[in-house]
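Q: Below you'll find the structure I mean.
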Amino acid sequence: MRLGGFVLFSIQEHGNSQSIKQKGTYRIICLGDSTTQRQYPQLLEQVLNQRNIGVHFSVVDRGRTGANTSSILSQIEYYLAEYHPDMVVTMMGINEKGVKYYQDIPEADTWLFRHCRVYRFGRIICGHILKKIKQEGLYGLNKLDPGRKAKLEDTGTVVEKINLSRKESIEKVAKLDSKGDKGSPGLRSSYLNRSKLPEVEESLRKVIELNPKNDNAYVELGRFYREQGESSELNPKNDNTYVELERYPERDKFSKAEDLFKKAIELNPKNDKAYFELGRLYRDHGQFPQAEDLFKKAIELNPKNDKAYFELGWFYRNRGKFPQAEDSFKKVIELNPKNDYAYFELGWFYRDHGKFLQAEDLFKKAIEINLENDNAYRAILVLYEEIGKPDLAKKYAKEVNRQRLEYSAQDTVNNYRKLKEILDKKGIKLVCVQYPMRNVEPLKKIFEKDDGVIFVNNESVFKKALKKASSKEYFMDMFGGDFGHCTQKGNRLLAQNIADVILREVFNR
């Protein structure tokens, strides 16, 4: 199994090493997720060099399966030092998780809240005000004597208030029983929500210092370092710590990740999460039979593991095992009726098999559960266009356009801007590529006050191509609602369009 993983993973690294060896070339790094990794970058190098403009191009593929903009940004300094690029091409953001501002509101599941935007907006604002008041109370300000309170307010020592709260929280968490401790995740989330990364590390380390048997604190610290793209320290008695460490698909650490998950299984053979994560690792590296076995093992240990059923559904669908795929997605819905993505995936399954009414109902159910599921809006829009219902398609197109222009995960916006700042300091050109079928305007909106960014619009070229062919010719799946992972034909179209823009905007060709 390990040999197979290394062989598959080495394909990407071999291509990159060949690009590094080429001297006197115009070097491009492609950053992104699974729609980039071993997808269009190699074709982009071919297309650029076939144009024969007198410049030799080398393209480095640094796509990462499952990567979001934060994990990509965490590696950018390493990439720049390693490859010394002239240009960075990005196609990223699909794995970002937008903030649900209503997640703590009790009536968020009511019909009135979900369907009346005026009421929802007012309730969200009210909730933020109450949350702010509650936070101030938790910091201990309300409990202080009037003289102390006035002193804090007069001197503006907000840091002192936070430190008081932090110390109390740390000591409280450390005293909890290690198996029942739910405090460290809450403590970590509290600081992360306020973007206090140093406090996260300090607090979790302090918890471990005060209670070395608090395995959940090790888990949270490991998760924190994973999210920051760094390594973690281990508690050799804690199987969950091994599970929470980085899967390392990008940092040439496949074998280390494999060893860590196997160690978790060795420590606790009933840890279904360890089997599940190891299955995802093998899946990402193309070791599908092994992945299938591990997902099944996770379900055997925990029959309510809806995530494992979801992975199996995705696996079976892409392997052509359609009855098994249908059963798996139905099982996810049975176990977790509020999993909007299970309805979405089952809907696309039915759509591909010509069961349009069932697909329509499932897409609508996904939207009903989660009004922010823009993939479901896009999916039902495409469905109505295909079955000849232009009025309904127009209705959903309006909502899709509103979401595209008005909503962006704040992490996506911030990380794109940080990337631009880093590249500007080094004089490296930034090319922002929009996903196939999607409007480029949201990307442009991120940089509306900046110039020098090159944008690639893939919406029109793909829509034009799909007027003459089915989506199956250009996409292997439709995980994004209106697009998915490209076939060879789709990746070539993507590479050609990116090459056209680069040659026109940078080389005037």
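Q: Is it fair to say ASN401 is out of contact with any Cys (no Cβ under 8 Å at 6 or more places or on another chain) and modelled with pLDDT of 90 or more? Write out each step before concluding.
A: Working: out of contact with any Cys (no Cβ under 8 Å at 6 or more places or on another chain): yes; modelled with pLDDT of 90 or more: no.
In short, no.
Q: From the list ARG38, ARG62, exactly one residue is buried (at least 20 other Cβ atoms within 10 Å of the Cβ) and in contact (Cβ under 8 Å) with a residue 12 or more places away in the chain. Which is it?
A: The match here is ARG62.
Q: At pLDDT below 95, assigned to a loop (DSSP other than H, G, I, E, B) and in contact with a helix residue (DSSP H, G or I) (Cβ under 7 Å, 6 or more places away or on another chain): which single residue out of THR65, THR35 fits that description? Give the derivation first.
A: On the way: THR35 fails: in contact with a helix residue (DSSP H, G or I) (Cβ under 7 Å, 6 or more places away or on another chain).
Unique residue meeting the criteria: THR65.
Q: Quick check on the range 281-330: of everything there that is free of Cβ contacts under 8 Å to residues at least 24 places away in the same chain and either touching a strand residue (DSSP E or B) at 6+ places or on another chain (Cβ under 7 Å) or of a type in the set (S, T, N, Q) (or both), which residue is surrounded by the most Cβ atoms within 10 Å (Cβ to Cβ)?
A: The extreme case among them is SER328.
Q: Out of everything in the range 367-387 that is free of Cβ contacts under 8 Å to residues at least 40 places away in the same chain, more than 14 Å from ASP482 (Cβ to Cβ) and among the aliphatic types (A, V, I, L, M), what residue ends up being surrounded by the most Cβ atoms within 10 Å (Cβ to Cβ)?
A: Top of the filtered list is ILE367.
Q: Going residue by residue through the range 431-445, is there one that turns out to be part of a loop (DSSP other than H, G, I, E, B) and among the charged types (D, E, K, R)?
A: yes
Q: So, in the range 451-471, of the ones that are loosely packed, with under 14 Cβ neighbours inside 10 Å and touching a residue at least 12 places away in the same chain (Cβ under 8 Å), which residue ends up nearest to GLY427 (Cα to Cα)? Give the derivation first.
A: Here is the first cut: in the range 451-471, the ones loosely packed, with under 14 Cβ neighbours inside 10 Å are 451-452, 460, 463-464, 467-470.
Those left that are additionally touching a residue at least 12 places away in the same chain (Cβ under 8 Å): 452, 463.
Working: GLY452: 11, LYS463: 34 Å.
Among those that are loosely packed, with under 14 Cβ neighbours inside 10 Å and touching a residue at least 12 places away in the same chain (Cβ under 8 Å), it is GLY452.
Q: Sort out which residues of the range 41-59 are in contact (Cβ under 8 Å) with a residue 40 or more places away in the chain, surrounded by fewer than 23 Cβ atoms within 10 Å (Cβ to Cβ), closer than 13 Å to LEU493 by Cα and not β-branched (Val, Ile, Thr), and write them in order of number.
A: Scanning the range 41-59 gives LEU43, GLN46.
The values are calculated or read from the model by the stated rules, or taken from the named source; none is laboratory data. These numbers come from a predicted model, not from an experiment. Here the Cβ is made from the backbone with ideal geometry for all residues, glycine too, and neighbour counts use every protein chain on show.
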